[in-house]
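The values are calculated or read from the model by the stated rules, or taken from the named source; none is laboratory data. All of these numbers come straight from a predicted model, not from anything done at the bench. All Cβ positions, glycine included, derive from the backbone under ideal geometry; neighbour counts span all protein chains shown.
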């Protein structure tokens, strides 16, 4: 298998199960741009009779005629390309009378076709309702414009609502798979890479394993010729017809203005209207709402790693980049990167703690941040059954014995004993590096499988 096709075992298994059932299916596959949906489908399609068509931002007639021509060429149906169809369902109905074998039909980037010609939804619905179950077809529609997929394909107002027999959302890779792209990088550098671009395979492939991380940062984030340089702008303009307000909100959250009131003050939109925009960003997985333990109020953070990196590290130095002051821009990014990474390391630590719970090495029933009147603990994990609580501090630093003792004293001072009076309290430190301690559990990058 190609080295860049990594850890999609579960997704392939789901697709294969649908295929092996022998039943007709209408499947929806969606996920963020660059997450690897097309590559996943092409791996799945190997050695299977299939029609793969990449939809375009062009007219209904052009998309349909190209699909017809592709089908005729792949299946050896001479003269099919000369047949003119007015609707997608007309073509699929004719195809169902010709092809009796198991056949996969993939309409990739289906949202492009929908954006130009919304009637294609009703045409596909008509075929699914009237003919699909009489065939052996497996129809897969795939899209990157997550908002359109939600509204027009899987949402309650869509003509296709309730028709799909399966849905597969393709998520980014877990951080543990960064090492498969950059096996010769140190764990410290792999954490930094994950902090910059997350688990999006396309972005991870852009890092040249034969040069240093800093040189990669220069090439990918500071040079205007980089394939990443316009990526966030393109991503947001593809998703939103009027992206300006969303861009302003994401920029504000990335800079730490992370409550509705703070966002409202920065963006200049009444607080009562901000929630509408935040809901859209939540639905698209661009932001995440964090609700601390024992709190009703929450705050927001940018969930998409590349978007977060862009607004936190790159946007502030765009003037220098556009003015060709590359060295200055590059140095400013390097100066801030450890602060940026430390925030993402908290997320990585949480993933690792959840992993330890999954394999039975750490027991808790609930975990979350603690934030009350300016007092903050990175995480508190509760084991309701055993009445045990863990106070957890995460540090992107190399700690010494005296650092651990100081952190322990600080946790003693910050602990909400009134909420934990019935719990036995232990402490956990997750750090870049730290000596072992008899009284406090410590986990470091040495244990974290990144």
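How many residues, within the range 190-205, are assigned to a helix (DSSP H, G or I) and under 25 Å from residue 432 (Cβ atoms)? Spell out the reasoning first.
Applying the first criterion (assigned to a helix (DSSP H, G or I)) to the range 190-205 yields 190-197, 201-205.
Then keep just the ones that are under 25 Å from residue 432 (Cβ atoms); that gives 190-197, 203-204.
Here the count works out to 10.
For the residues 285, 258, the requirement of being assigned to a loop (DSSP other than H, G, I, E, B) and surrounded by 18 or more Cβ atoms within 10 Å (Cβ to Cβ) singles out 258.
From 333, 263, 274, 269, grab the single residue that is in contact (Cβ under 8 Å) with a residue 12 or more places away in the chain, over 21 Å from the mean Cα position of the chain (by Cα) and assigned to a loop (DSSP other than H, G, I, E, B). Outline the logic, then answer.
On the way: 333 fails: assigned to a loop (DSSP other than H, G, I, E, B); 263 fails: assigned to a loop (DSSP other than H, G, I, E, B); 274 fails: assigned to a loop (DSSP other than H, G, I, E, B).
Being in contact (Cβ under 8 Å) with a residue 12 or more places away in the chain, over 21 Å from the mean Cα position of the chain (by Cα) and assigned to a loop (DSSP other than H, G, I, E, B) holds for just one of 333, 263, 274, 269, which is 269.
The set of residues in the range 291-302 being exposed (fewer than 15 other Cβ atoms within 10 Å of the Cβ) and touching a residue at least 40 places away in the same chain (Cβ under 8 Å) consists of 291, 294, 295.
Number of residues in the range 338-355 that are buried (at least 17 other Cβ atoms within 10 Å of the Cβ) and over 24 Å from residue 312 (Cα atoms): the value is 2. Considering each of 140, 148 in turn, give the residue that is modelled with pLDDT of 85 or more, within 26 Å of residue 235 (Cα to Cα), assigned by TED's automatic domain parsing to the domain that holds residue 35 and part of a helix (DSSP H, G or I). Every option except 148 fails the conditions. Of 324, 320, all but one fail to be assigned to a loop (DSSP other than H, G, I, E, B), over 23 Å from the mean Cα position of the chain (by Cα) and under 30 Å from residue 223 (Cα atoms); the exception is 324.
Listed conditions (1) surrounded by 12 or more Cβ atoms within 10 Å (Cβ to Cβ); (2) modelled with pLDDT of 95 or more; (3) farther than 16 Å from residue 370 by Cα are all met by residue 425, apart from (3).
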